[in-house]
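**Student:** One structure, pasted below without further comment.
The values are calculated or read from the model by the stated rules, or taken from the named source; none is laboratory data. Predicted, not measured: the structure shown is a model, and the values here were computed from it. Note: ideal-geometry Cβ built from the backbone for every residue, glycine included; neighbour counts use all protein chains shown. When the accessible area is computed, the model is the full protein with side chains, heavy atoms only, and any ligands, DNA or RNA have been set aside. Shrake-Rupley method; radii C 1.70, N 1.55, O 1.52, S 1.80 Å.
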Amino acid sequence: MKLLHNREAIAGLVLLVFPFLLSHVSSSELSEIIVPKARHLNLVQSALQRETSQEKQSDLWVPLADQGWRPCVDSPIAPAQPAKSVGYLQVFLDGGLNQQRMGICDAVAVAKILNATLVIPHFEVNPVWKDTSSFMDIFDVDHFIDVLKDDISIVKELPDEFEWSTREYYSTAIRATRIKMAPVHASANWYLDNVLPVLQSYGIAAISPFSHRLTFDNLPNEIQRLRCKVNFQALSFVPHIKALGDSLVNRLRYPSKRIEGPISYLSEPTDVIEQNKPKKFVVLHLRFDKDMAAHSACDFGGGKAEKFALAKYRQVIWGGRVLNSQFTDEELRSQGRCPLTPEEIGLLLAALGFDNSTSLYLASHKVFGGEDRISTLRDLFPLMEDKKSLASSEERAQIKKKASLLAAVDYYVGLHSDVFISASPGNMHNALVGHRSYKNLKTIRPDMPLLGKLFLNKNISWSEFKQAVAEGHENRQGQIRLRKPKQSIYTYPAPDCMCEA
C-alpha cells in the first residue's frame, strides 16, 4: 500500500502502461480529446451577457501614465573604437525565435567581454517546429552591424582561413575550438578563463550550446546596457516582416468595409477604409500548442484520450522528465503552473471589462485542439482576427511553415498593440513584457496562482469572479518592476537599461 502513495512510483507505473492504453483507444474516445464547448459553463454564460459601462471601456484603453523612467542604453561617454580583435567568436543558438533573440544579445555581450569579432549567430533547427530560418531570414543584418559598429566588430561570414569551422565540423568529433561546457548563467570571468585562451591559441572559438549562458548579475554597467541596445535597437526584423506587420496593424485599426460576401482585407494601408478614428485592439498571445500542453502536465478537459496522448508525447519527447507530472491538477493550478486555456483567458479579459466589440488579435502557432478549442473564446470576442484572417494568401506565402517568421509577425503586431496579454509565461511573453516596459506600453500580466484558484472554484459567481480578477490585476498592467537578482534583463530592463527622469 505504501507504493500506492508514492507519486514517483505511480508516475513510473502509469508511463509504462500508457503505450498499451493508447493502442486500445477507440475512435469514439479519441473524439473526447476536443474539450467540451465550455468547461466553466456558468461563468461563460454570465460573461456572454456582460455589460460594460462606457466609462469602464474608456479606462481600459487609457495609455500608461509617465512612470518617470527613460531608456538609456548609450554610455554618457563617447564609445571608443573596439580594440584589435583577439579572434572570431561563433555561437550556435537553439530554441524558438525569442530564446534565440536573447541568445544574440548575450553573444554580443560575450564578444565585448572577450574583445572578439562576432560571427553572425547560427540558428539550430528546432526539433519541434522544424524551422530552418537563419539570422538573415529574420533580422536585418546590415542594420544590426551598423547599430553596433562602435561597440564590437561583427562579420557575416568567416574568412577563408577558418571556413572549416562549421556546425557539421563540430558535430562529428571532439574539437579543440569548441566550448560545450559553458554553464548556464556563466560569469564574465568564466569566459575570460575558459574561452579567451582558446581564442588566443586558435584565433577562433565556437560555443555550443549557448542559450542562457551569460549571467544577469555582477556585470559592468556598459555590458548590461549593451545587451539592451542589441535587444531594443539593433535587432530589427527584415523589411518584408515589418511591412506585413504594419499592414496587419493598419487593418486592425481601420477594418475594411464589407463589400459582398466575406470581409476582404487588402494589402496596402491606402485601401478603402471606414473614415473613422483608429480602433484600439488587444493582442492575445495564446501559447497553447501540444508541446506546451504536454510539458505543463495539466488537465485541459479533453477526457481520457487527451491525457493518454499528452502523456505519450511527454514520454517520447522528454523521456518522462517533466517534474509537473508528479503533482495533481489541483496542485498545479493552485500554484499557477497551468497555462490558461483559450476559454479561461477569454473569461479573464471579459472580467477585466473588455466587451464583445473589442478587436482581438490572436498571436499563436497551432492551437492544441484546433478551432473547437477556441470556440468559446470566439463567442466571447467575435471580432477576433489572426494572420490567416487578416493577410492574403500571397502575403502569407513568404512566412508559410516558418515558425520563426510567423512568430516575428506576431511579435511585431504585439509590440504595436494598445494592450498585450499572454495566456501563460514563456519566452514570447517575457520578451514582449520587457520590450513594452521599455516603451511604457500597457501590458496585462495574468496572476496565474490567483486565476488557478478561481477556476478551481466551481461555485464561484460571475460577480465574485469579476471582483477578484479586477482587484488582483489592478497593479499588473505594465507598471515598471525593477529587476531582482537572477531575473532576466530582457523581461525587466529597469534599472540596468532605464534611468529615472
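**Student:** Here's a check for you: in the range 57-76, which residue that is farther than 18 Å from residue 440 by Cβ and touching a helix residue (DSSP H, G or I) at 6+ places or on another chain (Cβ under 9 Å) is modelled with the highest pLDDT?
**Tutor:** So the residue we want is 74.
**Student:** Can you tell me which of 128, 155 is open to solvent by 50 Å² or more (accessible area, probe 1.4 Å) and either over 18 Å from residue 203 (Cβ atoms) or touching a Ser or Thr at 6+ places or on another chain (Cβ under 7 Å) (or both)?
**Tutor:** It is 128.
**Student:** Filter the range 272-288 for residues that are surrounded by fewer than 19 Cβ atoms within 10 Å (Cβ to Cβ) and modelled with pLDDT of 85 or more and give the result.
**Tutor:** 277, 278, 279, 280
**Student:** What tally of residues in the range 483-501 results from selecting those that are open to solvent by less than 40 Å² (accessible area, probe 1.4 Å), hydrophobic (A, V, I, L, M, F, W, C) and in a loop (DSSP other than H, G, I, E, B)?
**Tutor:** Number of matching residues: 3.
**Student:** Of all residues in the range 21-45 being of a type outside the set (A, V, I, L, M) and at pLDDT 50 or above, which is least open to solvent (accessible area, probe 1.4 Å)?
**Tutor:** 40
**Student:** Which one of the conditions (1) open to solvent by 20 Å² or more (accessible area, probe 1.4 Å); (2) under 30 Å from residue 355 (Cα atoms); (3) hydrophobic (A, V, I, L, M, F, W, C) does residue 113 fail to meet, given that it meets all the rest?
**Tutor:** (2)
**Student:** Name, by its number, the condition in (1) under 20 Å from the mean Cα position of the chain (by Cα); (2) surrounded by fewer than 19 Cβ atoms within 10 Å (Cβ to Cβ) that does not hold for residue 399.
**Tutor:** (2)
**Student:** Still on this structure, I have one more. Scanning the range 86-104 for residues that are in a loop (DSSP other than H, G, I, E, B) and modelled with pLDDT of 95 or more, which turns out nearest to the chain's Cα centre (by Cα)?
**Tutor:** For the range 86-104, the residue satisfying everything is 87.
**Student:** Please find, within the range 158-180, the residue that is nearest to residue 105 (Cα to Cα) out of those that are in contact with a helix residue (DSSP H, G or I) (Cβ under 8 Å, 6 or more places away or on another chain) and open to solvent by 30 Å² or more (accessible area, probe 1.4 Å).
**Tutor:** By that ranking, first place goes to 178.
**Student:** If we keep just the residues of the range 46-75 that are small (Gly, Ala, Ser) and assigned to a helix (DSSP H, G or I), which is surrounded by the most Cβ atoms within 10 Å (Cβ to Cβ)?
**Tutor:** Restricting to residues being small (Gly, Ala, Ser) and assigned to a helix (DSSP H, G or I), the top hit is 47.
**Student:** Residue 210: closer than 30 Å to residue 172 by Cβ and open to solvent by less than 20 Å² (accessible area, probe 1.4 Å), yes or no?
**Tutor:** Answer is yes for this residue.
**Student:** List the number of the failed condition for residue 432; all other conditions in (1) at pLDDT below 95; (2) assigned to a helix (DSSP H, G or I); (3) not small (Gly, Ala, Ser) hold.
**Tutor:** It fails just one condition, (1).
**Student:** Would it be correct to say that residue 419 is at pLDDT 95 or above, among the β-branched types (Val, Ile, Thr) and over 27 Å from residue 59 (Cβ atoms)?
**Tutor:** no
**Student:** Where in the range 381-429 are there helices (runs of 4 or more DSSP H), lying wholly inside it, with at least 1 residues that are touching a strand residue (DSSP E or B) at 6+ places or on another chain (Cβ under 6 Å)?
**Tutor:** Because the criterion is at least 1 residues that are touching a strand residue (DSSP E or B) at 6+ places or on another chain (Cβ under 6 Å), the helices (runs of 4 or more DSSP H) in the range 381-429 that meet it are 403-415.
Residues are listed down the side, and each one gets a yes or a no for (1) at pLDDT 95 or above; (2) touching a Phe, Trp or Tyr at 6+ places or on another chain (Cβ under 9 Å); (3) at positive phi:
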position: 55; (1), (2), (3): no, no, no
position: 80; (1), (2), (3): no, no, no
position: 84; (1), (2), (3): no, no, no
position: 106; (1), (2), (3): yes, yes, no
position: 111; (1), (2), (3): yes, no, no
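**Student:** While we're looking at this one, here's another question. How many residues are buried (at least 18 other Cβ atoms within 10 Å of the Cβ) and among the polar types (S, T, N, Q) if we restrict to the range 131-152?
**Tutor:** Going through the range 131-152 one residue at a time, the tally reaches 1.
**Student:** I would also like to ask the following. Right, residue 490: in contact with a strand residue (DSSP E or B) (Cβ under 8 Å, 6 or more places away or on another chain) and in contact (Cβ under 8 Å) with a residue 24 or more places away in the chain or not?
**Tutor:** no
**Student:** Quick check on the range 185-192. Is at least one of its residues of a type outside the set (A, V, I, L, M, F, W, C), open to solvent by less than 40 Å² (accessible area, probe 1.4 Å) and closer than 25 Å to residue 135 by Cα?
**Tutor:** Yes.
**Student:** Report yes if residue 146 is more than 19 Å from the chain's Cα centre (by Cα) and acidic (Asp, Glu), otherwise no.
**Tutor:** Here the answer is yes, as residue 146 does meet what is asked.
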